[in-house]
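**Student:** Starting off with a structure, shown below.
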Amino acid sequence: MYQKLFIPINLHSTERINMKNIFATLIILMFTSSAFAGSCPMIAAKINSKIAEAQKLHDEGMEAHKSGNHTKSEELLNKALNLFKS
């Protein structure tokens, strides 16, 4: 007796379109996530740069505070804070 090894699947056209859309979306997600993974070192470098600049402004602001120049101290410390707002 002959058995069919391949059973054809009859999908309606809307089901085929939906499957194509899902497949295309998955492919796009796979490639875009790997593309954004390369930007991590650049983002980390920007963060380190801002941290270093903020630390410098912080140190200068605290020195101004210790010397009694509170206006300059507040100005420098606010500049340090504003680095993280942008």
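Every residue, every condition in (1) assigned to a helix (DSSP H, G or I); (2) modelled with pLDDT of 85 or more, yes or no:
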| residue | (1), (2) |
| --- | --- |
| I7 | no, no |
| L11 | no, no |
| F23 | yes, no |
| E53 | yes, yes |
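**Student:** Here's something else I'd like to know. Six or more apart or on different chains, Cβ atoms under 8 Å: show the pairs whose first residue is in segment 42-65 and within 17 Å of K85 (Cα to Cα) and whose second is of a type in the set (K, R).
**Tutor:** L57/K79
**Student:** Another question, then. Scan segment 61-86 for residues that are surrounded by fewer than 17 Cβ atoms within 10 Å (Cβ to Cβ) and either part of a helix (DSSP H, G or I) or more than 26 Å from the chain's Cα centre (by Cα) (or both) and report the count. Quick ask: steps written out before the conclusion?
**Tutor:** At the first step, the residues of segment 61-86 found to be surrounded by fewer than 17 Cβ atoms within 10 Å (Cβ to Cβ) are 62-63, 65-72, 74-75, 78-79, 81-86.
After this cut, where a residue has to be either part of a helix (DSSP H, G or I) or more than 26 Å from the chain's Cα centre (by Cα) (or both) as well, the list is 62-63, 65-72, 74-75, 78-79, 81-83.
Total satisfying the criteria: 17.
The values are calculated or read from the model by the stated rules, or taken from the named source; none is laboratory data. Computed from a predicted structure; not experimentally measured. As a convention, Cβ positions derive from the backbone with ideal geometry for all residues, glycine included, and neighbour counts pool all protein chains shown.
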